[in-house]
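Note sheet for the following structure.
What follows draws every value from the coordinates through simple rules; no lab data is involved. Keep in mind it's a predicted model, so treat the numbers as computed, not measured. Because the Cβ atoms are built from the backbone with ideal geometry, glycine has one as well, and the counts that use them run over all protein chains shown.
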Amino acid sequence: MINHKTKTCSRRVAAAALCLCALTTSYVAQAADEPATSSALSFDTVERAETLNTSALTLAEDDMGQGQADDSRRFFSPGGRLLLTGGVTQIEGAGGGGLSPWALIGTYGTRDQLGVSAFATGVNSEDFSLSAYGGAISYGNRIELSIARQNFNLNAVGAALGLGREFTISQTIVGAKVRLFGDAVLEQDSLLPQVSVGIQFKDNNQPGVVIGALAARDDNDFDYYVSATKIFLSQSLLVNATARATRANQFGILGFGGPTNNDYSIQFEGSVALLLSRHFAIGSEYRTKPDNLGFKEEDAFDVFIAYAPVHNITATLAYVDLGNVALRSQHALYASLQFAF
Amino acid sequence: MPKIPSLLTTIALSLTSPALAQAGEPAISDPSITPRAPTLPVITDNEHLLDQFGGREGLVRIMDNVMERWLANPRTHPFFASSDQVRVKRQLVDQFCVILHGPCTYDGRAMAEVHRGMNVSEGSFYALVEELQVTLNQMNVPFRAQNRLIAALAPMSRDIIDR
């Protein structure tokens, strides 16, 4: 049924309206006759956060507690590296901040340990919502394999587009990351960062929409990235820079490549985080995106707070500012929970 | 000379401290051991850091507290249980005091020599650091001061982990 409606929807209407989907549906209807010049399909935009399991935030952490492990050489340990120095899980499933992969290998596994993590991230607004979930496995603070599923729900906008109410574009992301050299935490007498390279394969499940209606060239593709992370512990500061070669439109939710540009382009992602205590960090991230589909994709920017009451749980809340998108500024809340073992 | 942001200045200063500390490094009795990091990486850019730890007396209280934690934590217990804990505590007080630019003298051995053959895992190393953090929190040492000390200690991991 959905595919049938997709065919009846004119390509121009779909493209213009998708690009302005952050606006109200009445604006969307008007947009059909206007050139699609604004960016905007921003799945991380939200105006109310998905319900966060606040019990995690109120878990009493008793600093008087002793370490949890019961063996100095456990292969599979709940302890490992220092709290928050493993980062969280970014929106595509890799260990990092919220938006960007970091060079850190996810979970707290040390050089002789296996680590496993799972995450769920929710964003939600009147116009659309995104849920992302997945997991990662890491070994020896060296390699990280991850898988994530993103479900982008157009809600009422889908109906306005003729795609059907609650129309959902999903993509599956399989990632791998390898630490090449450096240790962001231990090498405090060196400026050399920890450096990792990564790859993400993204498979979008709606070729009829992203290729058929939006004129993206592909419904699946690879992203390649290199990340450098340094923790300046004496300043309680974490800094990350990531360069990504990508053809993804809005992270891949809108497919890959397009009529304006079909080649890989190098995009920049930057993160800073300040450790406030063992359990809290605040920070900010910035991520640029290519302009393949004939409109300018706004850069993504966020400020976040991460809370790790214990090694196994990290909760992240972020405020995302997407700048002036179409006719109004877009602000968002983002909530994520990670469990690591 | 171009103006350098204070962060970079601080980093540069912290990077120079190990070099400055070389002169006071403990002698190595075993010629087969080459230290990979200084035992006494004096923090030279903050004369008042030791005050934030309560002075030398504060370090004594900190060591009394954290040694109990290290003995109770199964990941660190094996490395302290059979040691002369009074002596280890005193030497750590002196070592930390020197690193924090205090008026103390460290007469212990180099980290590379102390930890040779102990086979300390990275997980045990971090467990030791985390118990220290818990103690420092309990003693109300400011988090940023804690991190100054831990940043100075972190490179010693090269002489401690898996040696």
For peptide B:117-129, how many partner chain Cβ atoms fall within 10 Å of a residue's Cβ, on average? 6
Quick one: putting +1 on the C-beta of Lys and Arg, -1 on the C-beta of Asp and Glu, what dipole do you get for the range A:193-311 around its Cα centre, in Debye to the nearest 20? 360
DSSP-assigned coil residues among trypsin sites (Lys or Arg not before Pro) in the range A:249-341, each with at most 16 further Cβ atoms within 10 Å: A:Lys296
Give, rounded to the nearest 20 debye, the magnitude of the charge dipole that chain B has about its Cα centre when Lys and Arg contribute +1 at Cβ and Asp and Glu contribute -1 at Cβ. 180
Span from the the range A:215-231 Cα centroid across to the the range A:105-178 one, whole angstrom: 14
Let me know the mean shielding of B:62-71 by other chains, meaning the per-residue number of their Cβ atoms within 10 Å of its Cβ. 1
From DSSP H assignment alone, runs of 4+ in chain B each adding -39500 (n - 2.57), the sum over residues rounded to the nearest 500 puts [θ] at 222 nm at -17000 deg cm²/dmol
Write out the GluC sites (Glu not before Pro) in the range A:97-174 meeting two conditions: DSSP loop, and at most 14 other Cβ atoms within 10 Å of their Cβ. A:Glu126, A:Glu166
